[in-house]
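J.: Sharing a structure, written as structure tokens. Questions coming.
The values are calculated or read from the model by the stated rules, or taken from the named source; none is laboratory data. Predicted, not measured: the structure shown is a model, and the values here were computed from it. We place every Cβ from the backbone using ideal geometry, glycine too, and count neighbours over all the protein chains shown. Areas reflect the complete protein model, heavy atoms only, side chains present, ligands, DNA and RNA absent. Shrake-Rupley method; radii C 1.70, N 1.55, O 1.52, S 1.80 Å.
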Amino acid sequence: MNGADVDVDDRFATSPLLWVLRDVLELTGTKYGCGIGFCAACTVLIDGRNTKSCQTPAETAVGKAITTVEGVSGLVVEAVRDAWRRGNVVQCGYCQPGQTLAATALLTADPSPDDAAIGSWMNGNLCRCGTYPRIRKAIGEASEALATAWSLPENSATKRSGSG
């Protein structure tokens with residue numbers, strides 16, 4: 001969990017990962033939105049893939065790398081966060097942990113997505129405030145920033161390392 005091993009009592013094996021994160025491990029950055037996997041406010045990364053934790057039994061995450069918004073780090077998420085700030089993306093902020101992790105997973109999987117790819121990837125993440133145009137623009141700007149950063153000689157050893 002966020003780079004560290006954690007032990008969770010077996011009685012939580014069939015509980016949704018969301019509730020184990022929030023109630024057992026006290027990692028409350030992952031949000032409860034709809035509870036049916038529709039809004040993606042509960043997005044976490046499992047082995048680098050964006051996953052809806054409200055629909056994921058905790059036992060399926062055993063032995064896998066789970067990253068929450070509290071633990072995500074690296075060049076990719078920093079580019080996303082910087083683009084979010086510059087683009088004034090956040091309005092109420094409730095969806096942002098899920099949006100940020102989904103964008104990080106996208107840019108890790110496809111460092112140069114076009115607008116259609118961004119729209120398709122982010123389609124499952126709902127924003128109550130409707131900041132979709134700002135989110136899409138910020139992802140494009142993060143992609144451009146990453147392309148510049150990865151082209152710098154000091155980053156040649158860490159290019160697209162997947163840290164995110």
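J.: Label SER73 and ASN88 with points 7 Å out from Cα along Cα→Cβ: what is the distance between them in nm?
T.: Roughly 3.2 nm, to one decimal.
J.: Moving on. Rounding to the nearest 10 and keeping the result within 0 to 90°, find how far the Cα-based axis of helix 75-86 lies from the longest principal axis of the chain.
T.: Orientation of helix 75-86: about 70 degrees from the principal axis.
J.: Express the accessible area of the chain per residue in Å², computed with a 1.4 Å probe while the remaining protein chains stay in the model.
T.: For the chain, the per-residue accessible area is 52 Å².
J.: While we're here: Once you place label points 7 Å from the Cα toward the Cβ at ARG11 and TYR132, how far apart are they in nm?
T.: Placing both labels 7 Å along Cα→Cβ, they lie 4.4 nm apart.
J.: Something else now. To test your reading of the geometry: what angle, between 0 and 90 degrees and rounded to tens, separates the Cα axis of helix 96-109 from the longest principal axis of the chain?
T.: So the inclination is approximately 60 degrees.
J.: Okay, moving on. Could you work out the per residue convex hull volume over the alpha carbons of segment 1-57, in cubic angstrom?
T.: Looking at segment 1-57, the number lands at 79 Å³ per residue.
J.: Starting from 0.36 nm per residue, how many nanometres of slack lie between ALA65 and ASP23 once their C-alpha separation is accounted for?
T.: 13.2 nm
J.: Next question, about the same structure. Per the helix-only calculation at 222 nm, which mean residue ellipticity applies to the chain, given -39500 (n - 2.57) for every DSSP H run of n ≥ 4 and division by its residues, nearest 500 deg cm²/dmol?
T.: That comes out to -10500 deg cm²/dmol.
J.: Evaluate the distance, in nm, between pseudo-label points positioned 7 Å from the Cα of ALA116 and of ILE36 along their respective Cα→Cβ axes.
T.: Spacing of the two 7 Å Cα→Cβ label points: 3.1 nm.
J.: With all protein chains present, how much of the accessible area of segment 1-136 (probe radius 1.4 Å) comes from carbon and sulfur, to the nearest whole percent?
T.: 49
J.: Continuing with the same structure: Which value, in Å³ per residue, describes the convex hull spanned by the Cα atoms of segment 66-111?
T.: Values: hull volume 3.4 nm³, N = 46.
Dividing the Cα hull volume of segment 66-111 by its residue count gives 73 Å³.
J.: Show which aspartates and glutamates lie in cross-link reach of LYS137 when reach means a straight Cα distance below 18 angstrom and same-chain residues fewer than eight apart are skipped.
T.: Answer for LYS137, where 18 Å is the Cα cut-off: GLU78, ASP82, ASP110, ASP114, ASP115, listed by chain and number.
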